[in-house]
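The values are calculated or read from the model by the stated rules, or taken from the named source; none is laboratory data. Note that the structure is a prediction, hence the values are computed from the model and not measured. Neighbour counts run over all protein chains shown; Cβ positions are idealised from the backbone, glycine included. Only protein heavy atoms, including side chains, enter the accessible area calculation; ligands, DNA and RNA are left aside. Shrake-Rupley method; radii C 1.70, N 1.55, O 1.52, S 1.80 Å.
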Amino acid sequence: MNTPASREGNLIRYIVYFICYLMTAGVIKLVIENLPIHIWNFILFATISLMVLLFFIYRFNREQRFFAPGLARSWISNFALIIGMTLLITVFRISISWLQSYNHLQLYGLQTTYLHHEGVANYWFFLLALGIVLPILQEFLITGFLFNYAFRRDNVPTAIWGIITSGILFSLLNWQNSATLLLINFFFGAIFAWSYLYTQTLWMPIYLSVLNGVLLLIMT
């Protein structure tokens, strides 16, 4: 029960992390449903999201002690990959926005919600909450903790199933009433998971997920 090798312990821990994520997502939904933003709602969001984020970081770093040192690459050695993945996510996100502008793809739910509540304060809240906070928490939940608990074997089949599972979870956590958008989200989630396995550092999928979230809102 004390290490990530325990199935029972992993299940309990993952349920706790999932509840923490749902708490944060619930607070964000509460703030959005009561727009324009009120100071006490923002304080509630800031408090809950900061507590959960710090908790995730603490737990993830603590659990890494139970694993043998990996072949984590430095940011400098990953420079070419960072540039390439940044361009890929940016081009793909621009292409999606272009298709949406010509009604070939429907808007994401958060885009529709923002368009009904346009405003400077609302824009910055959406950018912070949906473009930065939730993507970070999602990567801890469906990439970092998921691979630590369920996909620990160092072989290709495990990596493939882990990437597929992470992509599915990313699509579900960002649920859309469109099969095409769900498939697009699956692609993003799978790419983020692959970047984690390739670089052996969670900061890469976190960066890519935040980039994706920010671009999504900027191009709304």
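A few notes on this one:
- Residue in region 198-206 that is under 30 Å from E118 (Cβ atoms) and either modelled with pLDDT of 95 or more or of a type in the set (A, V, I, L, M, F, W, C) (or both) present: yes
- Residue in region 126-141 that is among the acidic types (D, E) and either crowded, with 20+ Cβ neighbours inside 10 Å or closer than 21 Å to Q106 by Cα (or both) present: yes
- Any hit, region 66-75, residues being more than 19 Å from the chain's Cα centre (by Cα), under 18 Å from S209 (Cβ atoms) and either at pLDDT 95 or above or open to solvent by 50 Å² or more (accessible area, probe 1.4 Å) (or both): yes
- Considering region 153-167, the residues that are open to solvent by 80 Å² or more (accessible area, probe 1.4 Å) and either aliphatic (A, V, I, L, M) or under 21 Å from the mean Cα position of the chain (by Cα) (or both) include one that is farthest from I191 (Cα to Cα), namely V156.
- The helices (runs of 4 or more DSSP H) falling completely within region 79-189 that include 1 or more residues that are modelled with pLDDT of 95 or more and under 30 Å from G9 (Cβ atoms) map to 134-139, 156-173.
- Enumeration of residues in region 96-110 that are closer than 16 Å to I28 by Cα and surrounded by fewer than 17 Cβ atoms within 10 Å (Cβ to Cβ): G109
- Filtered by the rule that a residue be among the aromatic types (F, W, Y) and open to solvent by less than 20 Å² (accessible area, probe 1.4 Å), region 171-220 gives F188, F192.
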